[in-house]
Amino acid sequence: MTAKTLTEASCADDYDPNSMPVDRARTLIRTYLEPVRAIERVPIRQALDRVLAGDVVSPIDVPGHDNSAMDGWAVRFGDLATGAATTLARIGESFAGRPHEGRVGAGETVRIFTGGVMPEGADTVVMQERASESGAGVTIEAGAVSRAGQNRRFAGEDLERGAVVFRRGQLLRPAEIGMLASLGIGEVGVYRRLRVAYFSTGDELVGIGQPLAKGEIYDSNRYTIGAMLARMHCDAIDLGVVRDQPDALERAFADAAANADVVITSGGVSVGEADYVKTLLDRLGEVVFWKIAMKPGRPLAYGRIGGAHFFGLPGNPVSVMVTFYQFVRDALAILQGRDGAEPVPTFAATLAAPLRKAPGRTEFQRGILARGADGRWTVRTTGDQGSGILSSMSQANCFIVLSTETGNLDAGSEVQVQPLEGLI
Ligand code: AMP
Ligand code: MG
């Protein structure tokens with residue numbers, strides 16, 4: 001059903017797979033993403049971070065009745081003298097949730113509190129600071145209100161019955177959960193969760209709990225990927241470490257694709273390395289290998305294996321995170337059915353120290369963003385930017401996004417930063 005195949009795309013479009021620009025790769029990946037369509041109904045308590053599968057229409061007016069915006073006195077605007085104080089007779093009270101049942105007649109007033117229903121007959125609320133009560137009654141200062149309807153909230157002012165409150169594709173955050181509750185809606189239809197299978201590749205990888213022999217390292221990518229998938233609210237399927245052996249890899253790819261919407265691997269996508277990965281994937285699916293013109297995260301494979309989307313991330317731990325945030329995260333959001341899922345925006349900050357950068361690739365340097373005494377945001381790098389230095393991601397609170405043509409920069413230069421909070 002796909003309009004074009006990846007191979008066609010790679011022939012038809014004028015890009016160089018050996019230096020694919022970041023934006024180009026992002027756009028290209030988007031053309032292959034079809035959101036999940038299966039729907040499930042969930043109670044709103046369990047709907048946080050899920051995506052609405054249909055529009056939500058308000059079954060009621062919110063607020064349901066005209067009510068007071070403040071503590072004061074409910075009056076008939078026409079009763080108030082112009083340019084002079086007016087004394088009215090107190091006939092009752094309207095508390096939030098406990099309305100005054102009678103009608104306010106000429107010369108009468110009702111003590112009213114914020115959220116209290118406007119009693120019949122009254123049209124305006126005088127704030128309590130502009131009135132005083134004595135034996136004679138309630139005296140409203142001259143000019144205490146300037147127009148009829150003041151300090152009164154109208155029924156349906158927030159939401160009108162029948163109005164579309166949320167559109168399909170809306171991500172449900174705490175505000176939306178609260179609004180659903182305010183409408184009396186206890187259950188909503190959401191898209192099913194994405195299933196994402198992932199594994200690490202490499203003969204040098206050892207699981208936690210085992211001692212390290214010479215040249216071996218602990219597999220950290222699987223843990224980072226698992227954690228990033230948790231932040232993206234996916235059902236993550238951990239398929240462990242797979243050795244750099246064709247049979248083992250073939251089994252792992254087949255198993256992953258059969259059980260998931262998305263397959264993510266790390267390692268083994270560098271060109272020249274383990275060529276059988278490429279051969280294998282050509283046989284199992286349709287996969288292109290790109291060298292993205294970015295640093296870190298240069299080699300990236302994207303395609304389909306069976307019915308699943310496939311992301312072959314580089315092996316270096318920092319590259320894994322950067323490519324996940326710059327490509328996989330957005331792709332997952334689209335597949336989840338989220339509307340308007342855009343890359344996290346960048347904003348301008350001033351470099352607090354010089355920065356080294358060679359023109360030719362987009363760089364995502366790890367940065368520490370801080371607010372100066374003058375209230376302006378300044379940023380410095382975390383230091384050594386090697387793609388194996390995972391501690392740089394931990395120290396960082398942002399990426400410093402440096403465009404292809406950018407070279408070395410002096411302190412004081414303006415750069416674009418992308419906060420990690422919100423990305424992760
Ligand atoms: P590769 O892309 O497989 O050539 O790996 C590039 C670098 O990343 C090598 O130094 C690997 O040892 C390292 N690496 C690969 N996979 C992992 C992993 N799962 N955890 C930590 N480091 C890894
Ligand atoms: Mg490897």
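The values are calculated or read from the model by the stated rules, or taken from the named source; none is laboratory data. The structure presented is a predicted model; accordingly, all values stated were derived computationally and were not measured. When we count neighbours, we look across all protein chains shown, and the Cβ atoms used for this are built from the backbone with ideal geometry, even at glycine. What goes into the accessible areas is simple: the full protein's heavy atoms, side chains included, and nothing from ligands, DNA or RNA. Shrake-Rupley method; radii C 1.70, N 1.55, O 1.52, S 1.80 Å.
Just to verify a result, which residue in the stretch 361-392, among those that are outside any strand (DSSP E or B) and either touching a Leu at 6+ places or on another chain (Cβ under 8 Å) or of a type in the set (D, E, K, R) (or both), is farthest from K295 (Cα to Cα)?
D374
Exactly one condition in (1) within 11 Å of ligand 1 (Cβ to nearest atom); (2) surrounded by 15 or more Cβ atoms within 10 Å (Cβ to Cβ); (3) not hydroxyl-bearing (S, T, Y) is false for G207; which is it?
Of everything listed in (1) within 11 Å of ligand 1 (Cβ to nearest atom); (2) surrounded by 15 or more Cβ atoms within 10 Å (Cβ to Cβ); (3) not hydroxyl-bearing (S, T, Y), G207 misses just condition (2).
Testing R24 on (1) buried (at least 16 other Cβ atoms within 10 Å of the Cβ); (2) at pLDDT below 95; (3) in contact with a Ser or Thr (Cβ under 9 Å, 6 or more places away or on another chain), one condition comes back false. Which one is that?
Of everything listed in (1) buried (at least 16 other Cβ atoms within 10 Å of the Cβ); (2) at pLDDT below 95; (3) in contact with a Ser or Thr (Cβ under 9 Å, 6 or more places away or on another chain), R24 misses just condition (3).
Which of (1) more than 27 Å from G412 (Cα to Cα); (2) touching a Gly at 6+ places or on another chain (Cβ under 8 Å); (3) away from ligand 2 (no atom under 16 Å from the Cβ); (4) assigned by TED's automatic domain parsing to the domain that holds L28 is the odd one out, the single condition G340 does not satisfy?
(4)
Please go through the stretch 223-246 and pick out each residue that is touching an Asp or Glu at 6+ places or on another chain (Cβ under 7 Å) and either open to solvent by less than 30 Å² (accessible area, probe 1.4 Å) or more than 13 Å from ligand 1 (Cβ to nearest atom) (or both).
G226, H233
Please verify whether the stretch 396-411 includes one or more residues that are surrounded by 19 or more Cβ atoms within 10 Å (Cβ to Cβ), over 16 Å from the mean Cα position of the chain (by Cα) and within 30 Å of R192 (Cβ to Cβ).
Scanning the stretch 396-411, I find no residue that is surrounded by 19 or more Cβ atoms within 10 Å (Cβ to Cβ), over 16 Å from the mean Cα position of the chain (by Cα) and within 30 Å of R192 (Cβ to Cβ), so the answer is no.
Output the residue which, of all residues in the stretch 261-310 that are within 16 Å of ligand 1 (Cβ to nearest atom) and hydroxyl-bearing (S, T, Y), is farthest from P246 (Cα to Cα).
Filtering first and then ranking leaves Y302.
Considering L390, L369, which residue is touching a strand residue (DSSP E or B) at 6+ places or on another chain (Cβ under 7 Å) and more than 28 Å from T31 (Cα to Cα)?
L369
Whether any residue in the stretch 183-200 is assigned to a loop (DSSP other than H, G, I, E, B), within 16 Å of ligand 2 (Cβ to nearest atom) and not hydrophobic (A, V, I, L, M, F, W, C) is what I want to check.
Checked the stretch 183-200: no residue is assigned to a loop (DSSP other than H, G, I, E, B), within 16 Å of ligand 2 (Cβ to nearest atom) and not hydrophobic (A, V, I, L, M, F, W, C).
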